[in-house]
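These notes are about the structure you will find just below.
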C-alpha cells in the first residue's frame, strides 16, 4: 500500500521515513528540470543530491528540491512507481506534485522536522 505525502503534514508520523522505500521527485525550479528516483533512505538521498554527491543528471542540472515523494512497502514497489512516473509526460508529473504541493515547496526541511532529524547542513 502506498502513501502520498502532503506538503505540510506527514502521512504517518510514526513511520520512520529514513528507512521506508520511496519514489520521489526532485526539481530545479529555475530551468524546469525534474529528476525521478527511488530510495530506502529518503533524507540521506536528498542530502546527497543537495550536496551534489550523486553523479549524473541531477548534478548536471542542479536538481535538488524535493517536491514529491510516495512511500511504499517494498523497494520493488517504489521502483515500479518511480519508473511509471519517470516515463510520464511532464504534465503528469506536474499534476502529481501539485496535488499535494501546489507551490512546489522544498519538502526536505519538513521531512527532517517530522522525523526529528536536524536538517543536515549543506556542504
#### Entry: Test for residue 45: is it in a helix (DSSP H, G or I) and in contact with a strand residue (DSSP E or B) (Cβ under 6 Å, 6 or more places away or on another chain)
yes
### Message
So in the stretch 57-75, with the set limited to residues that are in contact with a helix residue (DSSP H, G or I) (Cβ under 8 Å, 6 or more places away or on another chain) and assigned to a loop (DSSP other than H, G, I, E, B), which one is nearest to residue 21 (Cα to Cα)?
### Response
72
### Query
With (1) surrounded by 14 or more Cβ atoms within 10 Å (Cβ to Cβ); (2) modelled with pLDDT of 95 or more; (3) out of contact with any strand residue (DSSP E or B) (no Cβ under 7 Å at 6 or more places or on another chain); (4) under 25 Å from residue 103 (Cβ atoms) as the list, and residue 69 as the residue in question, which single condition is left unmet?
(3)
#### Entry: the stretch 89-106, residues that are touching a strand residue (DSSP E or B) at 6+ places or on another chain (Cβ under 9 Å), farther than 19 Å from residue 41 by Cα and either touching a residue at least 40 places away in the same chain (Cβ under 8 Å) or in a loop (DSSP other than H, G, I, E, B) (or both)
90, 93, 96, 97, 99, 100, 101, 104, 105
### Query
Scanning for something surrounded by 14 or more Cβ atoms within 10 Å (Cβ to Cβ) and at positive phi, does the stretch 80-101 turn up at least one residue?
no
## Note on the structure
Going through (1) at pLDDT below 95; (2) closer than 11 Å to residue 23 by Cα one by one, residue 78 fails only at (1)
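The values are calculated or read from the model by the stated rules, or taken from the named source; none is laboratory data. For clarity, every value in this text was computed on a predicted model and none was experimentally measured. Virtual Cβ from ideal backbone geometry, glycine too; neighbours counted across all protein chains shown.
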